[in-house]
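Novice: One structure is given below, represented as C-alpha cells, and several questions about it will come after.
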Amino acid sequence: MVSKNCGDGGRIRGNLVTVTSEADITWLSVPDVCERLSLTPGKVHRLVEDRALLGRKDDGVFRIPDIFLVESAPVQDLKGTALVLIDGGFSPESALEWLVEPHDVLGTSPIDAIRNGRKTEVRRLAQTLAL
C-alpha cells in the first residue's frame, strides 16, 4: 500500500492516518495551536487543563502534538482516553508518551487507532495498564 506524508504529523495509507514514530510528529506551541483552532491562549490552556489536549515542555516551551488535532478541533475521543490513563495512575506526560508510541497489541499508536475509530479498543488496553 502506498503511503505519503499528510502534513499533520502522520502518513496517509488509504483512508488511515498512521504515525510511524515520534520523530514524525510535528510539535506545536500554544500560539500555533491558537492559530490552528482560532482560540485564545487561555482557551487552549483550558483544553490542556481539561485533558482535551496533552502536551509537554521542550526547551522551556510547552508543545502539543499536532496529531492530537483534527482540522480545527482536538481529536474528539482524546479527552476520555487521557482521563482513563490519568485516573489509572499515569502522569499527563506519560499518558502523552503512551498515546504516541506504537503498540504491538494495536498494530499502531493509540492516537492513530483513536483517529481511525478504534477508541473502545484503545480504552480497554489503557484500563489494563491502570496502576
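Read-outs: derived from the displayed coordinates by stated rules, not from any lab. The shown structure was predicted, so the numbers you read here are calculated from the model rather than taken from an experiment.
Novice: Suppose we take every Cα in segment 25-108 and form the convex hull; what volume per residue is that in Å³? List each step's numbers first, then the result.
Specialist: Numbers: hull volume 8.4 nm³, N = 84.
Enclosed volume per residue, from the Cα hull, is 99 Å³.
Novice: Moving to a separate point now. Expected output is a single nm value to one decimal: the length gained when fully extending between Leu106 and Glu71, i.e. 0.36 nm times separation in residues minus the C-alpha distance. What is it?
Specialist: Working: separation 35, 0.36 × 35 = 12.60 nm, distance 2.43 nm.
Roughly 10.2 nm would be gained on extension.
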